[in-house]
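In what follows, a single structure is set out as structure tokens and then discussed.
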């Protein structure tokens, strides 16, 4: 069983598949670099495989790892985990079998020793049992140290130092790890441990025998009579010849040589040693409990750190997932909104195309109407001009309300009235004609601009400048009537012919004092013709 266990420990490790995707940094296999993203990872090849396989928890996922490589390493890690669990169970079975075998060998050895020396349960004191227990623990401890050194030599790892002041019980419960990180329980008893236990048991009994012989010799020196009486009854072969244990003491003879006073001393000495051993064991237990509590505190601290790290990673992952979900929702919202806007734009484009067609039709119709209107206006203007030319010859302006008025021509009556009042009877007619001619020339002169612009109802309009010098002189000399006649002529020219400033003919409604329409003039001519026809018939 032991050979099988050590054969298992001597198995050479295989080349890890993770080295096909990583390079060691500085020759240290605990620091590796990913071949895909060039990230340096501390902690060994296992953390790199977790990095490439996209397994969350310890390291960040590789963003450039091929999907097939990540899937292959993930499957490899799962298979390795299953194999480690199987090997752990196998190791535990081997260790339990080794421990059971060693324990059975130890029980048989104790039985053989008891049978060989004929030691009864009543003859073994509590001190001897404590010494046996301590010797067994020390033997187990030494066997564990040697076996652990042998394992560290095989794995080329640094051996774990064990201090003198460390608890023996704590050293018996040392948990070691193999190359893959699996825990190995080293409580099994080996062949070397059995030999050391037998040797420690013999040494313990030899020391107890020497102490008893020294005490007995001191008693015999103090009481020669007791020594003489005891020498005949004692077995001559009693005693040890050395530490090898070749000669064994006889328990019955040693018991018969002990005096009552000596027996009390021995009991007292055993009691003191028992108390010392109890104190030592209590100290060992206290040290063990202290170290156990310290280890538990360290474990709790590591668990807290791991918990904080996991919480941070979970928080980071949650925030990352929330951001991704928010981005996805926004993207979907934008896509829906984009589709809606696209549909609206298409509808508007369709309506715009229809409106463009309608607008083109309306523009064509409008252009046609404009041409017709222009043609009609030309015809109306020609008809108006012709009517303006022939109307004075057809109608009597004194009897009808529609006639032809010369726009921009000064009325003669205001000047005639003013001259008749100021001049003599023979000269006023000539003077009035001269004044009318003079002011008519001034009115027709484009360089004379007795106007000013003013804002009326929000629009700029030209009105007569009353501060003009010539108009002031006209009003002062010939009165307001003559002034009004000149002003009216100026306003008519400024309205009907501002650029030419010459008199133009216009159809005029004398009854209402406004420009007459072509329809009114035609109706008036029609009425006049009807009247003339009726007069001719009467004649």
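The values are calculated or read from the model by the stated rules, or taken from the named source; none is laboratory data. In this text, all values refer to a predicted model and were calculated from it rather than measured experimentally. Quick reminder, even Gly has a Cβ in these numbers, built from the backbone with ideal geometry, and neighbours come from all protein chains shown.
So the values come out like this:
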{"item": "Residue tally, condition modelled with pLDDT of 80 or more, farther than 30 Å from residue 448 by Cβ and not in a helix (DSSP H, G or I), over the range 500-539", "result": "3"}
{"item": "Residues being in contact with a helix residue (DSSP H, G or I) (Cβ under 7 Å, 6 or more places away or on another chain) and modelled with pLDDT of 50 or more - total across the range 1-28", "result": "6"}
{"item": "Some residue of the range 476-486 being assigned to a helix (DSSP H, G or I), without any contact (Cβ under 8 Å) to a residue 40 or more places away in the chain and within 23 Å of residue 393 (Cβ to Cβ)", "result": "no"}
{"item": "Of residues in the range 415-449 being touching a helix residue (DSSP H, G or I) at 6+ places or on another chain (Cβ under 7 Å) and more than 14 Å from residue 485 (Cα to Cα), the one surrounded by the most Cβ atoms within 10 Å (Cβ to Cβ)", "result": "419"}
{"item": "Residue count for the range 18-64, restricted to those that are outside any loop (DSSP other than H, G, I, E, B) and without any contact (Cβ under 8 Å) to a residue 60 or more places away in the chain", "result": "25"}
{"item": "Some residue of the range 492-499 being in contact with a helix residue (DSSP H, G or I) (Cβ under 8 Å, 6 or more places away or on another chain), under 30 Å from residue 391 (Cβ atoms) and either at pLDDT below 85 or part of a helix (DSSP H, G or I) (or both)", "result": "yes"}
{"item": "Residue count for the range 25-34, restricted to those that are touching a strand residue (DSSP E or B) at 6+ places or on another chain (Cβ under 9 Å) and either under 23 Å from residue 79 (Cα atoms) or not assigned by TED's automatic domain parsing to the domain that holds residue 74 (or both)", "result": "3"}
{"item": "Residue in the range 276-288 that is surrounded by 15 or more Cβ atoms within 10 Å (Cβ to Cβ), on the phi < 0 side of the Ramachandran plot and modelled with pLDDT under 60 present", "result": "no"}
